[in-house]
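Derivation of every value follows stated rules applied to the coordinates shown; laboratory data play no part. Every value quoted in this text rests on a predicted model; they were computed, and no experiment measured them. Cβ coordinates were reconstructed from backbone atoms using ideal geometry, including for glycine residues, and neighbour counts include every protein chain displayed.
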Amino acid sequence: SSSACQFEDQAALDLAFDAWIDQFAVTEDGCGVNAPNLSGYTAPVLCEGGTVSITYGIADLCTSASITRTFTITAPEALVVNKPLDYTEDATFFADQDAIDAAFATWLEGFSVSGGCTPQASYGTPTAPILCGGTTTVTYNVSDLCDTVMVSASFTINSPNPLVINKPNDVNLSSCTFDDQAALDAAFAAWLNGFSVSGGFDPVGSIVGTPVAPVLCQGGSVTVTYNVSDECGSGSVSATYAITAPAAVSVSGPANVD
């Protein structure tokens, strides 16, 4: 009686069975004994297990004798391959790439195998998706004496909301719209507040330089550029604030009279 796992393959089991069956023998020759033909017996199927029972009977002129022996192979336990559930999470759930890598390593521990005959398992060297999103599908290959099994699971990081960069409308106003330079400066400062950013992954937006409003009585235009960047992308927008100076004051009057 032996476990199937003790053999490398069916051929090794067949050799062991043949060696075992060769041990049947007549120990006392008696009177014209003919040994039975055991060539019709074969070993159990390695991965199915089973028992072969052989009754070895002999007889001669005066006596008879027999013995029964069994050759039993116990089939291996069923191969049980486990995998983790598919995983999906938003990138903003994690502080950084290291946190994603740690979560991925923990998730990989969900792949395991039990049973079988000394199963060999591998999923290679998969890496986690990057902070900006993606999916890693891991395939876990398992094989042993009797079975080959392959399972797959996916680890997904959803990219953060796309960057949304806002800018104010272009402005073109007459100087005469404002009471004075201070009023123009206040309007320009309020206009600058129209530059903003949302979405993304901790985006940072900044106005290039330190733009100031045009001079009220000179007019002119200021083009403001707003740059944005985050962990996953960047962008830039521009808008223009223009002031049209008034026409120069002119006066007219009657001719001098002497």
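Label reach from ILE67 (point 7 Å along Cα→C-beta): in segment 1-25, amide nitrogens under 20 Å belong to 1-2, 16-25. Averaging 1/r over every pair of different alpha carbons in segment 16-162 and inverting the result gives a Kirkwood radius of 20.4 Å.
Remark on segment 1-48: Rg and Dmax equal 14.2, 44 Å (Cα only). Approximating the spin labels as points 7 Å out from Cα along Cα→Cβ, the SER236-to-VAL249 distance works out to 4.3 nm. Sorting the segments 57-63, 137-143, 155-161, 246-252 by their residues' average number of neighbouring beta-carbon atoms within 10 angstrom, most packed first, yields 155-161, 137-143, 57-63, 246-252. Between GLY205, GLY194, GLY134, the GNM of the chain built on Cα springs shorter than 10 angstrom shows GLY194 fluctuating the most. Each of VAL215, LEU61, SER39 was scored by the projection of its Cα onto the charge dipole of the chain, and the greatest displacement toward the positive side belongs to VAL215; charges sit on the C-beta of Lys, Arg, Asp and Glu.
Between TYR123 and SER174, the contour length at 0.36 nm per residue exceeds the alpha carbon distance by 11.4 nm. Please work out whether segment 29-101 counts as rounded, prolate or oblate from its C-alpha gyration tensor, where a ≥ b ≥ c are the square roots of the eigenvalues and a/c under 1.5 means rounded, while otherwise a/b larger than b/c means prolate and anything else oblate? Prolate, since a/c reaches 1.5 and a/b exceeds b/c.
Amide H to amide H distances under 5 Å link VAL113 with ASN82, where only residues 5 or more positions off or on other chains count and H is placed in the peptide plane. Just checking the listed ones, GLU77, GLU28, GLU109: in the Gaussian network model of the chain with Cα springs under 10 Å, the one fluctuating most is GLU28. Would you please give the FRET efficiency between THR88 and ASN166, computed as 1/(1 + (r/R0)^6) with r the Cβ-Cβ distance and R0 = 41 Å, to the nearest 0.05? Efficiency for this residue pair is about 0.90.
Put a plus charge on the Cβ of each Lys and Arg, a minus charge on the Cβ of each Asp and Glu, and nothing anywhere else: the dipole of the chain about its Cα centre is then about 640 debye. All other residues whose Cβ lies under 13 angstrom from that of LEU216 are scored, Lys and Arg at +1 and Asp and Glu at -1, for a net of -3. What Kirkwood hydrodynamic radius, in Å, does the chain give when the mean of 1/r is taken over all pairs of distinct Cα atoms and then inverted? For the chain, the Kirkwood estimate is 27.6 Å.
Centre-to-centre, using Cα atoms only, segment 62-97 and segment 19-39 are separated by 41 Å. Amide H contacts for GLU231 (H built 1.01 Å from N in the peptide plane; partners 5 or more residues away or on another chain; cut-off under 5 Å): PHE201. Separation of segment 168-201 and segment 204-258, taken as the distance between their Cα centroids, equals 10 angstrom. Modelled spin-label separation between ASN37 and ASP147, with each label point placed 7 Å from Cα along the Cα-to-Cβ direction: 4.1 nm. Working note: 222 nm ellipticity from helices only, DSSP H runs with n ≥ 4, each -39,500 (n - 2.57), summed and divided by the residues of the chain, gives -4500 deg cm²/dmol to the nearest 500.
Less than 5 angstrom separates the built amide H of ASN161 from those of GLY200, all sequence-distant by 5 or more or on a different chain. The magnitude of the dipole of segment 102-217, with charges of +1 and -1 set on the Cβ of Lys/Arg and Asp/Glu and taken from the Cα centre, is near 160 debye. Take the Cβ-Cβ distance between ALA59 and SER3 as r, set R0 to 35 Å, and report the resulting FRET efficiency rounded to the nearest 0.05. About 0.40, to the nearest 0.05. For SER154 and SER206, the FRET efficiency from 1/(1 + (r/R0)^6), where r spans their Cβ atoms and R0 equals 41 Å, is about 0.60.
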